Amino acid sequence: LPMPGDPPGLRIYQVGSSGRNAMRVGELIGYLEEAFRQCPLLDEAGKPIRPGRFKLVRREDFFRKWERRLARATRYRRWLESSMGTDLSASKRREAGLTVARLEQLIYFASIYSPYTHLDCRFLDGNLQALADSLDPRDRQEFPFDVKGIDWRDYVIHRHVPGLRKFV
């Protein structure tokens, strides 16, 4: 919706928080560690997996390391598949296939999330805030959208990580 006095045309409303309620990467790491301490992943025996400290690495170094591992795992899987007539068990072939799939998934998700961890800008929400301020006070109460109200700790620990665990 155009604001009074605005020229006609396309209106863009950014729903972002980094201009007024930024979450630093260090905070995100702390929230992630807390989320996995509170509700750890379990190994095959049902015992909690206690990951080491998270650390931020250069994007290029991360991809180089894991793409090399993927290439080795892929070569190993192909070798196992070409050895079908030998006494190599089907479980070894299945395990190698799962390893390749997991490495591909890791690289895929890193490629999705790395732009957010390596982005040097702020998203401003001035147009959105002006729109909110133009609403009737009753509507503002019913539809609060002040990004300062986002509790990042609560969101990451109780919504984002559980959602990733359930759907990813």
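Key figures
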quantity	calculated
Which listed residue, of Ser111, Ser89, Ser82, is among the small types (Gly, Ala, Ser), farther than 19 Å from Arg20 by Cα and open to solvent by 60 Å² or more (accessible area, probe 1.4 Å)	Ser82
Residue among Pro40, Pro48 that is in contact with a Pro (Cβ under 8 Å, 6 or more places away or on another chain), within 24 Å of Arg153 (Cβ to Cβ), surrounded by 13 or more Cβ atoms within 10 Å (Cβ to Cβ) and not hydroxyl-bearing (Ser, Thr, Tyr)	Pro40
Cβ-Cβ under 7 Å pairs, at least 6 apart or on other chains, region 35-53 side in a helix (DSSP H, G or I), far side of a type in the set (Val, Ile, Thr) and surrounded by 10 or more Cβ atoms within 10 Å (Cβ to Cβ)	Ala35/Val156; Ala35/Ile157; Ala35/Val161; Gln38/Ile157
Count - residues of region 134-148 that are more than 21 Å from Ala22 (Cα to Cα), acidic (Asp, Glu) and open to solvent by less than 90 Å² (accessible area, probe 1.4 Å)	2
Helices (runs of 4 or more DSSP H) (entirely within region 77-146) containing at least 3 residues that are under 30 Å from Phe63 (Cβ atoms)	90-117
Residues of region 20-34 that turn out to be assigned to a loop (DSSP other than H, G, I, E, B), in contact (Cβ under 8 Å) with a residue 12 or more places away in the chain and surrounded by fewer than 15 Cβ atoms within 10 Å (Cβ to Cβ), as a count	1
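The values are calculated or read from the model by the stated rules, or taken from the named source; none is laboratory data. The shown structure was predicted, so the numbers you read here are calculated from the model rather than taken from an experiment. Neighbour counts run over all protein chains shown; Cβ positions are idealised from the backbone, glycine included. These area figures cover heavy atoms from the full protein model, side chains too; ligands, DNA and RNA do not enter into them. Shrake-Rupley method; radii C 1.70, N 1.55, O 1.52, S 1.80 Å.
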